[in-house]
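Everything below concerns the one structure shown next.
The values are calculated or read from the model by the stated rules, or taken from the named source; none is laboratory data. What you see is a predicted model, and the numbers here were worked out from it, not measured in a lab. Positions of Cβ are generated from backbone atoms using ideal geometry, with glycine treated the same way; all protein chains shown enter the neighbour counts. For the accessible areas, the whole protein counts, side chains as well, though only heavy atoms, and no ligand, DNA or RNA atoms are used. Shrake-Rupley method; radii C 1.70, N 1.55, O 1.52, S 1.80 Å.
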Amino acid sequence: MPLILASTSRYRRELLERLRLPFHIARPDVDEAPLPGEAPPALARRLAWAKAKAITDQHPDAWIIGSDQVAALDTQPLGKPGTRENALAQLGAMSGREIAFHTAICLLRGDEPALEAVDTTRVRFRDLRADEIERYVDAEQPFDCAGSFKSEGLGIALFEHIESKDPTALVGLPLIALSRMLRDAGFELP
């Protein structure tokens, strides 16, 4: 069965490779702007479905994996910083606080009902000094990561603790939920 990851994220690609299934990659063309009043978990779920749906229209016989992650400080979504200055500001705002990372996944084929899940991971940041934040940002340059850190790298040193059901969700693709969905769709794992 053809399998397509609706994402060009290298983090998601590397995670999906762990399952040892052949897959292709496609870039979905989706507007990621939140709707007025849209809560972060709902935004993540909507975008995961929209990414899968965008590729399903082009490949109706393939199983499409859509995923999206929205970080939230209180109820405010945090995007990817894009620049050093934004990363410094995000990490400064998160110092000593808990951030929720809502990672949604959608497995879709043609007009079949979507298989969907949302994983919420909570990250408690240490009280961070400005010089620690600058050293971290300069060392890892996490400009393409929601929340301005890479937990799979040096970013782990920024935390007091992580509460998660699935450690891969924080990186961007919840493999526990995805594995269940793929088995339900007829893929053999492991």
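Details
- In the context of the full set of protein chains, residues of the chain present 50 Å² of accessible surface per residue (probe radius 1.4 Å, heavy atoms only).
- Net charge of neighbours whose Cβ lies under 10 Å from the Cβ of ILE65, counting Lys and Arg as +1 and Asp and Glu as -1: +2
- Integer Hz, Karplus 6.51/-1.76/1.60 couplings in order for region 10-17, x for Gly and Pro: 5, 5, 5, 4, 4, 5, 4, 4
- Amide H to amide H distances under 5 Å link ILE25 with LEU5, where only residues 5 or more positions off or on other chains count and H is placed in the peptide plane.
- Each residue was assigned an accessible area with a 1.4 Å probe, and for LYS80 the value is about 140 Å².
- Residues whose placed amide H lies under 5 Å from that of LEU78, excluding near-sequence neighbours: ALA71, ALA72, LEU73
- Per-residue SASA remark: GLU85, around 120 Å² accessible (1.4 Å probe; ligands, DNA and RNA not included).
- Across all directions, the shadow cast by the convex hull of region 1-112 built on its C-alpha atoms averages 8.1 square nanometres.
- Gyration tensor (Cα) of region 80-165, equivalent ellipsoid semi-axes in angstrom: 29, 15, 10
- Note, ³J(HN,Hα) from phi for region 47-55, Karplus 6.51, -1.76, 1.60, rounded to Hz, x at Gly and Pro: 5, 4, 5, 4, 5, 5, 5, 4, 7
- The chain has equivalent-ellipsoid semi-axes of 30, 17, 14 Å, by the square roots of 5 times the alpha carbon gyration tensor eigenvalues, sorted largest first.
- 0 to 90° range, to nearest 10: angle between helix 130-140 axis and the chain longest Cα axis: 40 degrees
- Rolling a 1.4 Å probe over the protein heavy atoms of the chain, with every protein chain left in place, gives an accessible area that is 50 percent carbon and sulfur.
- Residue-span extension gain [HIS161 to HIS24] - 0.36 nm each, minus C-alpha spacing: 45.8 nm
- Counting only protein heavy atoms and using a 1.4 Å probe, the accessible area of GLU32 comes to about 90 Å².
- Sequence-separation-based contact order of the chain, relative, with Cα cut under 8 Å and 6+ spacing, percent: 22 percent
- Size descriptors for region 15-80 (Cα atoms only): Rg and Dmax, in that order, 13.7, 40 Å.
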